[in-house]
Number of protein chains: 2
Amino acid sequence: MALIVQKYGGTSVGNPERIKNVAKRVAKFQAQGHQVVVVVSAMSGETNRLIALTKEVAAKPDPRELDVVVSTGEQVTIGLLCMALQDIGVPAKSYTGGQVRILTDSSHTKARILTIDDAPIRRDLDAGKVVVVAGFQGIDEHGSITTLGRGGSDTTGVALAAALKADECQIYTDVDGVYTTDPRIVPEARKLDTITFEEMLEMASLGSKVLQIRSVEFAGKYKVKLRVLSSFQDEGEGTLITVEEDTNMEQPVISGIAFNRDEAKITVLGVPDKPGIAYQILGPVADANIDVDMIIQNVSHDGSTDFSCTVSRGDLDRAVGILEGVKAHIGARAIESDKSMAKVSVVGVGMRSHPGVASKMFRTLAEEGINIQMISTSEIKISVVIDEKYLELAVRVLHKAFELDAA
Amino acid sequence: MALIVQKYGGTSVGNPERIKNVAKRVAKFQAQGHQVVVVVSAMSGETNRLIALTKEVAAKPDPRELDVVVSTGEQVTIGLLCMALQDIGVPAKSYTGGQVRILTDSSHTKARILTIDDAPIRRDLDAGKVVVVAGFQGIDEHGSITTLGRGGSDTTGVALAAALKADECQIYTDVDGVYTTDPRIVPEARKLDTITFEEMLEMASLGSKVLQIRSVEFAGKYKVKLRVLSSFQDEGEGTLITVEEDTNMEQPVISGIAFNRDEAKITVLGVPDKPGIAYQILGPVADANIDVDMIIQNVSHDGSTDFSCTVSRGDLDRAVGILEGVKAHIGARAIESDKSMAKVSVVGVGMRSHPGVASKMFRTLAEEGINIQMISTSEIKISVVIDEKYLELAVRVLHKAFELDAA
C-alpha cells in the first residue's frame, strides 16, 4: 500500500465528463489498495472567466479580493470531484486550502506556502476516504484566502506530497511525459522515462511548460518522487523525475533541447568600462520589476565596452525606455534592441563528464549558417540566442546531432 | 451615525454594472456617516449554473459537497463588490460565512444559524471599512461549509443585524416595497409604508415573495427593524416592517390581499368519524415529506365524514398515490383531487378589533358568483380556496371592497 498524491490540471477536469473520468482513475488506484490524495485545478477557462469579471468591476482589482474571487474556481472542482467519486461508491471528502490548512504568507496572488497541517488529511485517509484538495490556494495567519499564483496547483501537489511523506506525486497533464523536445517541432522527439530534477528545472525555466518551475524546485528540495503522466491515456508510466543521476552507463550526454521564443535583446553600446556600470544599467530595470534573463558584457577596448541582455518581449519597450532615460547618466553611446530573438538550449547532466558538447553545438549551428548572437552556459546547460526565424531549424538539427531521436 | 445592514439579492448584483451601482449606493450611505455591513447573494443565474454542474457529475450530489460548490456563488460576489468599493475609494473587506464566522448546525443545504461572531466585523467597521459578507452560507463545528437553503441571504442579513444590534436591516430587491397586492393583477395596488411582522409573515407564507419567511420570523424574534427597498431606484423609503401595530386611528382593517396559485385539493370521502382518523390519513403523507397546507374536516353524518386538505401541485400525484394505498386500511369510500385551485387571503392586524371582515369577504366573492371551496382563518388572516380561474377577479374585487386602492 502506497500513499499517492495525484494532481489534475484544468484541462483534465475541464468538463463534467472529464471529472467523472478522473474519478474513475482515482477509484482504480484506491481499489489497488493505495491511499490517494487528489489536488485539482479550476476547470479550464474558469480562472480566466473570473479574472475577466474582476476587471469589469475595478480598474485595478484589490489583490486580497482577487484571491477571494479566483479561489472559487478550484473550490467548485473539489466539490464536483468528490460528488463524482461518491457517485461511484468511493468515500471522498473535499478540502479548500484554508480547510487543510495550507498556511501561506500574505502575498496575495503570489503567496508562498509556510506550513501544511497534515493531521486532518491523515485521519480521513486512515478512515478509507479519498481526500480532494483545492490546488493553488491557502490561507494566511489572518484567515484571509491567498493564492499561489498561476500554475500553483503543481506546487500544492508537491507540497502536500512532502508534508504527507507520500510515496509518489503524480502530475497528470495533457501530455504523457517529458519529451526530448517539443514534438510539434521535431516529430522524432522521444518521451524520456526519467529526467533529473536539475535537468527538469532547466527545461522548465527554458519554456518547457510541462511542470511549473516552483513545484520542481520544491520537489527537489524535499526529495519528493515526482512523475508526469497523461490524464487522457490509461497506459504509460510517464516520466519520473529523479533525484539521482541515472547510473546507466549508456546515459546520453544530452537529455533534451529546450527553447523559448519570448526573447528580446537589448544592447547598450559604448559604456565606460568601470566598476559598478552593470549595476547602473540593470538597477533601474530591476526596480521596474522587469526580469532580465541572459547578461553578456564583452571585453573592453579603448576603455569602453558593449553590454547586452535579454528580456521578455512584452517588457522590451518599457526596458528600452528606462535605459534611454539613464543613457546620458551612464555615459553610453546608444541603445539598440531586437524583438525577434529566440533562445535554444541543450540540457543534460551528462555534460558534466563529457567535454565537447559546446563545440558540437556551435559546429552544428554553423553548418546550417545559423549565427549565434549570445551564449550562456551553466554546469548542465548551454544556451544560445539566435534570430527567431532559425528556431525550428536549430532545434531539429541539434536534436539529430545529439542523437536524441535514436531510442 | 447608525449601523446599517444592507442585503442585495441576485438581480441587484446580476452583472458587473449592477455591482458597481450597489457600490455607489453603499458609498453614499457611508459618506452620510453610517457604518455599513453588506450581505450579498450570488449573481443571478449563478446558483442554478452551479447546481446544473453538480447534476452532471452525480445522480444524487452529496449534500456536504453540494454546499462546497454552491457557496462559491456568493464568494465571487463579495470579492467583486469589495473591489468595486475600493475602486471608488471606499475601504472594504469581504468575509465568507466561515470567515465571519457564522456557526451553523451540520444540516447541509438547509443549515440553521447557531451563533455569529461579531467581533471581527466590529473591528473593521470601527476602522472605517465597509464589511461585505457572503449571504446564504456558514460553517459547522467541523469546519465544513454549510448553506442555509435558497433565499437564505435574507436570513444572513437579519441574523447579522441582530448580532450587531444594527439600527436597521435593509433588504434591497427588484420591487420598491410591500404592496397591498400584486400590481400585475391589480394596477391600483398601493405600496405600504409600514406593515407589521405578523402581517408580513402571513403575506410571505401566502406566496408574496418579497422576503424569505424565515428571515421575517428571525427579524420578529430579535426585534430587528426591517425595511424592504428597491435597488434600482434612488428615491423612496420602501416598506418598514414594524414590531408595533400602527397606532394611527385611520389604520385600515386590512393591509393586503395575498394569493397563491400553487394549490391542489384532495378530498378523502366517507371516512369513519372516529378518533385518530386525521392522523391515519395525514401520517403517511407527512412521512413522505409532503407539506399539507389547509386541512378541513366536516361534521359527520351517519358516522362518516369527508376530509379535505391542500398540497402543492407538484406533490399532488404523490399524495394521491399514498392515500390510495391506505384507502382500504382507513375505510374511506373514495379519494378525489383537483389540481386547479388557488388560495386568496385578506391579511390585517386590524381585523382583531373589527368584526365583519369575514362576512364582507364572503359577500364580495358571492356577488361575483365565485364559489368558496374551503375556508381557513387565523387571528389576522382569512383564506379561501377557490377555482383558479376566478383568482384574478377575486383579488381585484377584494382589493376594491376593502378600499385598498384609496391612498
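Computed from the coordinates by the stated procedures, all read-outs in this text should not be read as laboratory data. Everything quoted here is computed from the prediction, not taken from an experiment. Neighbour counts run over all protein chains shown; Cβ positions are idealised from the backbone, glycine included.
Take peptide B:49-57, look around each residue's Cβ out to 10 angstrom, count Cβ atoms belonging to other protein chains, and average those counts.
Other-chain Cβ atoms within 10 Å of each residue's Cβ, averaged: 5.
What whole number of Å gives the distance from the Cα centroid of segment A:254-275 to the Cα centroid of segment B:275-323?
85
What whole-number distance in Å separates the alpha-carbon centres of segment A:24-59 and segment A:93-115?
15
Below 8 Å between Cα atoms, with a sequence gap of 6+, how large is the relative contact order for segment B:23-125 in percent?
RCO, segment B:23-125: 24 percent.
If amide H atoms are built 1.01 Å from N in the plane of the peptide, which residues on other chains or at least 5 residues away come under 5 Å of the amide H of residue A:196?
Residues meeting the amide H criterion: A:242.
Just the number: Rg to Rh for chain A, Cα atoms, Kirkwood Rh, two decimals.
1.02
Calculate the translational D of segment B:34-103 in whole µm² s⁻¹ from Stokes-Einstein, where the hydrodynamic radius comes from the Kirkwood formula applied to all Cα pairs, the temperature is 37 °C and the viscosity 0.692 mPa s.
241
DSSP loop GluC sites (Glu not before Pro) in segment B:321-407 with at most 13 other Cβ atoms within 10 Å of their Cβ, which ones?
Within segment B:321-407, the qualifying GluC sites (Glu not before Pro) (loop, at most 13 other Cβ atoms within 10 Å) are B:368, B:379, B:403.
For segment A:256-401, just list the percent of Cα-Cα distances falling in each 10 Å bin from zero outward, please.
Spelled out bin by bin, segment A:256-401 gives 11, 38, 31, 18, 2 percent.
What fraction of the DSSP beta bridges in segment B:3-174 is antiparallel, stated in percent and rounded to the nearest 5?
25
Are there trypsin sites (Lys or Arg not before Pro) in segment A:253-341 that DSSP marks as loop and that have at most 14 other Cβ atoms within 10 Å, and which are they?
Answer by residue number: A:333.
For segment B:167-234 and segment B:339-407, what is the centre-to-centre distance using only Cα atoms, to the nearest Å?
Here the answer is 20 Å between Cα centres.
Would you mind checking which residues have amide H under 5 Å from residue A:7's amide H? H placed 1.01 Å from N; only 5 or more apart, or other chain.
A:39, A:170, A:171, A:172
Percent antiparallel among DSSP beta bridges with both residues in chain B, to the nearest 5?
Just about 60 percent of them are antiparallel.
May I ask you to evaluate 6.51 cos²θ - 1.76 cosθ + 1.60, the Karplus curve with θ = phi - 60°, for each residue of segment A:161-170 and list the ³J(HN,Hα) values in order in whole Hz, giving x for glycine and proline?
For segment A:161-170, the Karplus-derived couplings read 4, 5, 5, 8, 6, 5, 6, 7, 10, 9 Hz, x marking Gly and Pro.
Shielding of B:58-64 by partners, i.e. mean partner chain Cβ atoms within 10 Å per residue?
Per residue, the average neighbour count from other chains is 6.
Restricting to the protein assembly as shown, what percent of DSSP beta bridges are antiparallel, rounded to 5?
So the antiparallel bridges amount to about 60 percent of the total.
From the backbone phi of segment B:91-103, what are the Karplus-calculated ³J(HN,Hα) couplings (6.51 cos²θ - 1.76 cosθ + 1.60, θ = phi - 60°) in whole Hz, Gly and Pro given as x?
For segment B:91-103, the Karplus-derived couplings read x, 8, 9, 9, 9, 6, x, x, 6, 4, 9, 9, 7 Hz, x marking Gly and Pro.
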